[in-house]
Amino acid sequence: MADLMQILTSNPIARQLGVPQPTNLRRGRELPSGPVVLATAGGASALAREAVELLGLTPQDALVDTPQTRVTQTDDDGRTREVPTPYPSTIGAVVLDATALTTIEDLEGVRGALRPALKALEPSGRVVVLGVEPETAGAPTAVAAQQALEGIVRSVGKELRKGATANLVRVDLLTDAPTTAADLASTMSFLLEGRSAYVSGQVLHVGHGAAAHAAEVSSRPFEGQVVVVTGAGRGIGASIAETFARDGALVVAVDVPAGGEGLAAVANRIGGQALQLDITAPDAGERIAAHVAQRFGEAARIHTVVHNAGITRDKLLVNTDEERWGSVLEVNLAAQTRINAVLLDPALPGGLDDGGSIVGVASTSGIAGNRGQANYAASKAGVIGLVRAMAADPALAARGITVNAVAPGFIETEMTGKMPMATREVARRINSLQQGGRPVDVAEAIGYLAAPASGAVSGQVLRVCGQSQIGA
Ligand code: NAD
């Protein structure tokens, strides 16, 4: 579905009139073209630098206008003075390490570091701020200062233009299992690359992963791994299947028999398997596992399950009936709980592997609610609850299994293409990037959460919504 605003605003007259132009976002595994600048506020820590260096980037240190970063300069007349080292005139990203920040005064260092960086940021540039989990920060003022970072990042996300984004990553430094640079690298890679094009104003937590997950960040992280994607016959699911195949996965694409044509086309295109299956069937989990064991051998196990299949049956709650209510909860929530229970059996051939991952697809409607969608919002909020509960299960953590979800906002698909035009145009604009997302944006976020290198990322609900004001 063409973006009407993009067509209208590409008109030269609209440009002359100053109508805002939605920016073409940098996508894919492309890093920023300008230098990645490292800055600190509240004191130095090696974590951000090490994580960036693990990506093969050479961060260009920027010494910003804070006391710890002033340098001595000698004038022509031989007098010396302390000055801040200037930023490069254009930068690709700024990574601000604020993990050591403990006081309200330290927040001035954040302003001082970000101000010149924001001025120099290239289109589709990145701001990544690193903090610690506030409740682990100690004294109330330290907790307040760390919490303040969220307000800064969410506001900066709304102030940035030309496709630039700002996100906050919270790590564990003051706990028994501190986050390492290897734990952080996959998140840093995702946030700096174009894969995170439609993710802004978000807060992610990166903990410490199981040893089995100490994997390298790679451009084909799923090489030879089995990945099951439900609802893969079209829309976002088709894009998820394509993205995993691009990244090396052996994809099992699942969809209802009625969606068979689209499903076969997707499976053919990516060299994957098509499995016609209604996920609400009582034996859906067993059939998925049997398919995997039959096609890939008795010893084969699933690395990732993506629960993407979903339906809407919108009606105001006062008008909704049992069928509309129940079918949405059944497809969007109940089916995946049954499938998970089966696939998590370690003895089942074709079940989920240790070190594997489960990714749910929630929605901003599940966070904010939506008129006419009490059933849908219930199912999507339920997915969020499920993810949090499963990620906190010590038995799953001991097996190195991560459980996360994405919460897409307005994504350009057949589903949203059927919305009334005026509603659709509004939905496209009320986010910081002033445009709808693409299915690939959701797919890339899922790929990041599921990747072997993201073993330290669990229990997260990552919004892929361009920082939509809905649910903000
Ligand atoms: P879509 O309707 O285009 O595709 C959904 C797919 O799921 C279809 O191929 C359908 O046949 C399949 N499916 C439905 N019921 C099934 C069942 N019982 N068994 C197996 N497959 C089944 O939808 P989409 O826009 O691509 O959305 C994909 C997911 O993203 C859904 O969970 C949706 O709720 C969520 N989502 C979408 C948006 C958006 O803007 N499009 C926003 C937030 C969340």
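The values are calculated or read from the model by the stated rules, or taken from the named source; none is laboratory data. Everything numeric here is computed off the predicted structure, so don't read it as measured data. No Cβ is skipped: glycine too gets one built from the backbone with ideal geometry, and neighbour counts run over all protein chains shown. Each accessible area value is taken on the protein alone, full model and side chains, heavy atoms only, with ligands, DNA and RNA left out. Shrake-Rupley method; radii C 1.70, N 1.55, O 1.52, S 1.80 Å.
Every residue, every condition in (1) crowded, with 21+ Cβ neighbours inside 10 Å; (2) of a type in the set (Asp, Glu); (3) over 30 Å from Ile302 (Cα atoms), yes or no:
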{"site": "Glu414", "(1), (2), (3)": "no, yes, no"}
{"site": "Pro420", "(1), (2), (3)": "no, no, yes"}
{"site": "Ala427", "(1), (2), (3)": "no, no, yes"}
{"site": "Asn431", "(1), (2), (3)": "yes, no, yes"}
{"site": "Gly436", "(1), (2), (3)": "yes, no, yes"}
{"site": "Asp441", "(1), (2), (3)": "yes, yes, no"}
{"site": "Ile446", "(1), (2), (3)": "yes, no, no"}
{"site": "Leu449", "(1), (2), (3)": "yes, no, no"}
{"site": "Pro452", "(1), (2), (3)": "yes, no, no"}
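I need the full set of residues from segment 367-415 which are within 13 Å of the ligand (Cβ to nearest atom), of a type in the set (A, V, I, L, M) and in contact with a Ser or Thr (Cβ under 8 Å, 6 or more places away or on another chain), in order please. Those that are within 13 Å of the ligand (Cβ to nearest atom), of a type in the set (A, V, I, L, M) and in contact with a Ser or Thr (Cβ under 8 Å, 6 or more places away or on another chain): Ala377, Ala407, Met415. Take Ala267 and decide whether it is within 15 Å of the ligand (Cβ to nearest atom), open to solvent by less than 20 Å² (accessible area, probe 1.4 Å) and either over 26 Å from Met390 (Cβ atoms) or of a type in the set (Val, Ile, Thr) (or both). For Ala267, the condition - within 15 Å of the ligand (Cβ to nearest atom), open to solvent by less than 20 Å² (accessible area, probe 1.4 Å) and either over 26 Å from Met390 (Cβ atoms) or of a type in the set (Val, Ile, Thr) (or both) - is met. Inside segment 102-126, residues that are farther than 17 Å from Val206 by Cβ, crowded, with 19+ Cβ neighbours inside 10 Å and in contact with a Leu (Cβ under 9 Å, 6 or more places away or on another chain) make up a count of 9.
Scanning segment 250-264 for residues that are within 11 Å of the ligand (Cβ to nearest atom), hydrophobic (A, V, I, L, M, F, W, C) and open to solvent by less than 40 Å² (accessible area, probe 1.4 Å) yields Ala253, Val254, Leu263. Does at least one position in segment 303-312 carry a residue that is within 25 Å of the chain's Cα centre (by Cα), away from the ligand (no atom under 15 Å from the Cβ) and farther than 30 Å from Gln469 by Cβ? Checked against the condition, which is being within 25 Å of the chain's Cα centre (by Cα), away from the ligand (no atom under 15 Å from the Cβ) and farther than 30 Å from Gln469 by Cβ, segment 303-312 yields at least one hit. Filtering segment 399-423 to residues that are free of Cβ contacts under 8 Å to residues at least 24 places away in the same chain and farther than 30 Å from Glu322 by Cβ leaves only Ala422.
Scanning segment 119-131 for residues that are in contact with a helix residue (DSSP H, G or I) (Cβ under 7 Å, 6 or more places away or on another chain) and either modelled with pLDDT under 95 or under 18 Å from Gly466 (Cβ atoms) (or both) yields Arg126, Val127, Val128. Keeping to segment 113-145, report how many residues are more than 22 Å from Val37 (Cβ to Cβ) and free of Cβ contacts under 8 Å to residues at least 60 places away in the same chain. Qualifying residue count for the region: 11. Out of Ala389, Ala377, Ala381, one residue alone is free of Cβ contacts under 8 Å to residues at least 24 places away in the same chain and surrounded by fewer than 18 Cβ atoms within 10 Å (Cβ to Cβ). It is Ala389.
Just give me the residues in segment 301-329 being open to solvent by 60 Å² or more (accessible area, probe 1.4 Å) and in contact (Cβ under 8 Å) with a residue 24 or more places away in the chain, in sequence order. Arg313, Asp314, Lys315, Leu316, Leu317, Arg324, Trp325, listed by residue number. The residue list Arg301, Arg246 contains one member that is assigned by TED's automatic domain parsing to the domain that holds Ile339 and in contact with a strand residue (DSSP E or B) (Cβ under 6 Å, 6 or more places away or on another chain), which is Arg301. Checked against (1) under 16 Å from the mean Cα position of the chain (by Cα); (2) within 20 Å of Leu333 (Cβ to Cβ), Gly437 passes all but condition (2). Screening Glu444 with (1) away from the ligand (no atom under 12 Å from the Cβ); (2) in contact with a strand residue (DSSP E or B) (Cβ under 7 Å, 6 or more places away or on another chain); (3) in a helix (DSSP H, G or I) gives one miss only, at (2).
Of the residues making up segment 196-241, those that are surrounded by 24 or more Cβ atoms within 10 Å (Cβ to Cβ), over 23 Å from Ala253 (Cα atoms) and modelled with pLDDT of 95 or more are Ser196, Ala197, Tyr198, Val199, Ser200, Gly201, Gln202, Val206.
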